[in-house]
Every structure is written in structure tokens, then in C-alpha cells.
Amino acid sequence: AHLAPERANPARLTEARFYIANEFAAEALGLVNLMQASDPSLQNDKQLQTIKAAADVMMARYSDAYNALAGSGFDNDRHAGLWRGLADAGMADWDGARKSLTKALPVLHQYPPDWQARARIAYANAELHAGALEAADSALGHLPKDMPKPLFLESELARANLYAAEGRYRDAHVLFSAVKKGGDPRATAQAIYADTVAGLNAGAVTPLQAIARLEKLRYRWRGDSLELDTLRKLGALYFQQKRWRDGLEILRVATTSFPNTDLARQAQDDMRGAFVELFLKGKADKMPPIEALALFYDFIDLTPIGNQGDAMIRRMADRLVKVDLLGPAETLLKYQVDKRLNGVARAQVATRLAMIDLLDHKAKDALAALRTTRMAG
């Protein structure tokens, strides 16, 4: 604190390295921020950015850790690859984690055993997601023998997932059950999810049993990629059971709770896909008309842009006409005429609107629809 400015930052660097080595992450990050604020030339210093990324990983600020090492100058840095890979794994970007951790493997022996274990567990999970079962098995085989209990449970969870991927569900279930009883809340939640999905794939768990388990889990564990995975799986199971509203509502929770994440965008794609299946490919035709109409209006924001969305609206309008719900059909087509269409397509839909207006004894509205969309020639 009393050193001259030119001597202060080297002393702060020594202290930051001391803090990060002892996993005082917030203290190390504070010193790095102070150094970079006092000397703008240090903004992109590779050593400081790597310390910052390590501190962010320790505090589970994975997006910040990744951003600290986002520059191309870190692409060939094996030590940066370690923290990049752990950040990617924390954000469930398994492809990125696999690439970065592969690069970091030759320098892992320079790190404390606990961090070697974290890296190898993350690497095993990344290989599992890539379907490289032998590589995952090898990574788990190189784990240190004596690990803290949380890391041991993580490794057992990865081993159970490996057994499940190999088609050994009974062995996997035994390990999953042991992890659930291990006393670590996060590992327990992960084991419940993984055991349920593995049981579904093996035919040992029915969709209804899986829904019951995952409904409990979504309230038991909140706030990270595990909750998002749980919600997406629940949505898929509800769609499989033809419980369309339940599925759409679950996925809406996912997209609103996790904005601006890749997995949330995938959940949004799941919703749009289900909406298309319902109202363009005919699955809603088996629903009672009023139920289908209510579902359509509740999730009308999922209507695709362009020809597909226009066809969906016209199809819904035709169904409403068949059950004599002329008013709602007029509203749908009028919105298309006023807001979505131009040119010949607008005139064609307006003609259909005029026909429905006539069926509804609204001759003036029919004439207005025709006149306002009339095209020369």
C-alpha cells in the first residue's frame, strides 16, 4: 500500500499469485482488477488474464472466465486451455471443453491433485458427450486415488454415466444410488437426473415415472444448466404423452429463466417445433376445437415468420370455421391482411376473409375486405 506506483503492481502480482494458489479467488480477482485499473497497458496481459480466469472458474463465474481468455493470443496456451476447458464444462459447452482440455492434458501434472481431478472429470464428461467412451474411461482411470468427497462423488457420477452409455444400466443404477446417498446436494440432483434419463433409455423407467421424478427435481435444484436440462427433458416427455400445454409451459419457464443462453435457445426451438407439429402438421386436429384455439392464442408468439406461419394461421382459421367459430376465424385472417401480408397473397387471404364475413352475415365487412386489398389487373 505504501510502495511507489511503479513498484506496487509487481508486489500486487506476487500477492495475487499467492491468493490464487490458495484458492482465495475473490481476493486474487480484486488485486488483478486493481492492477489493470492502475495501468491500462496490463488490460490484456496474458498472466493477469489467466489468473482472472482461474479466479472466475473457482467462483463458478464461467462466462466471465471464458471471456477473460477469449482472445486469439490464448489459443496455443496450454495453461489457458485448462481454464477455458473448465469454463466451457461449467457452461455445458462440451465440444469446447473437449478441445481445450485436450490441449491442457500435457501440463496437468503441474497442478495440485484436486485440480487435476477436476480437469480429468470434466474431460471425461466431454468425451462422454462426444460418444468417445474409451477416452472417457481412460480419463477416469488417471484420477488421483485420494480425493475430497465432493470430487469423489463427481467422479462416481461420471463413471455411472459411462456405464449407462455402455448399456450397463444395472451397474450405473448402483453407482447413481450411491451418489444420491453421498450427502452432496448438487451431486444428488445430478444423479437423480442422470439415473432417470438412463433408466428411460434402458426401458427400466416409464415416461410417467420419469415425469414424476423430474417434476420433483425441477423444484429441488434451481439456477443452472441442470435445471435447464431437467425442464427440456420434461417438455419432451410431455410432448411424447400428448400433453402439449404442459410441455409448452415447461419450456416457456426454461426460456424465461435462462435468457441469452444456448440451451435456452434450444428450448425455444423445441417450443417452435412442437407448435409447428400441432398447428401446421395436424396434431392439433385431434384436440377439441376450443382447447386447440386456447392453446394457439396462449402461445401465438411461437407462430413462425413467413409462409409457414401464414399457412398455420389459415389452417387454424379453416378449423374454426368448421366448428362455426366465425368471429375468432375473422380475427385471425384480419390480422394477416392488416399486419403480415402484401400483394397477391394479401388479396387471396382477404377473399377468404370476405367469405367468412358473409357466412357471419357481415356483408359490409366483406366488401371492405375486398375493396381495401383490390389489385389492378
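The values are calculated or read from the model by the stated rules, or taken from the named source; none is laboratory data. Being a predicted model, the structure only gives us computed values, none of them experimental. Counting neighbours? That spans all protein chains shown, and the Cβs are built from the backbone with ideal geometry, glycine included. Areas reflect the complete protein model, heavy atoms only, side chains present, ligands, DNA and RNA absent. Shrake-Rupley method; radii C 1.70, N 1.55, O 1.52, S 1.80 Å.
Here are some notes:
- For segment 124-146 versus segment 354-377, the gap between their alpha-carbon centres in whole angstrom: 68 Å
- Checked against a 19 Å cut-off, the cross-linked pairs Lys99/Lys180; Lys52/Lys149; Lys99/Lys233; Lys339/Lys362; Lys149/Lys180; Lys181/Lys216 give Cα-Cα distances beyond that limit for Lys99/Lys180; Lys52/Lys149; Lys99/Lys233; Lys339/Lys362.
- An oblate overall shape is assigned to segment 174-249, the ratio a/c of its alpha-carbon gyration tensor axes (a ≥ b ≥ c) being 1.5 or greater and a/b not exceeding b/c.
- Potential lengthening of the chain between Arg245 and Ala21 amounts to 75.6 nm, from the contour at 0.36 nm per residue minus the alpha-carbon distance.
- Cα-derived Rg over Rh, computed across segment 93-183 with Rh taken as Kirkwood radius: 0.97
- Share of carbon and sulfur in the accessible heavy-atom surface of the chain [1.4 Å probe, %]: 52 percent
- Efficiency of FRET between Lys283 and Asp146 - r from beta-carbon atoms, R0 41 angstrom, step 0.05: 0.15
- Highest mobility in the GNM of the chain, judged by mean-square fluctuation with C-alpha springs under 10 Å and restricted to Ala204, Ala92, Ala165, is found for Ala204.
- Summary of packing: across the peptides 6-17, 129-140, the per-residue average of other C-beta atoms within 10 Å ranks them, highest first, as 129-140, 6-17.
- Segment 207-268 and segment 305-324 have Cα centres lying 28 Å from one another.
- Kirkwood's formula applied to the C-alpha pairs of segment 1-160 gives a hydrodynamic radius of 16.3 angstrom.
- At the listed q of 0.15 Å⁻¹, the Debye profile of segment 268-354, built from one uniform point per Cα, gives log10 I(q)/I(0) equal to -0.51.
- Accessible area per residue for the chain, computed on protein heavy atoms with a 1.4 Å probe, is 53 Å².
- Calculated from the structure at hand, volume of the Cα convex hull per residue in Å³ is found among (1) 276; (2) 159; (3) 204 as (3).
- Structure-based [θ]222 nm, the chain - -39500 (n - 2.57) summed over DSSP H runs of at least 4, per residue, nearest 500: -23000 deg cm²/dmol
- The relative contact order of the chain, computed from alpha carbon pairs under 8 Å that lie at least 6 residues apart in sequence, is 6 percent.
- Alpha-carbon centroids, segment 177-194 and segment 76-92: separation in whole Å: 25 Å
- Averaged over residues, the count of other Cβ atoms within 10 Å places the peptides 151-159, 224-232 in the sequence 151-159, 224-232, highest first.
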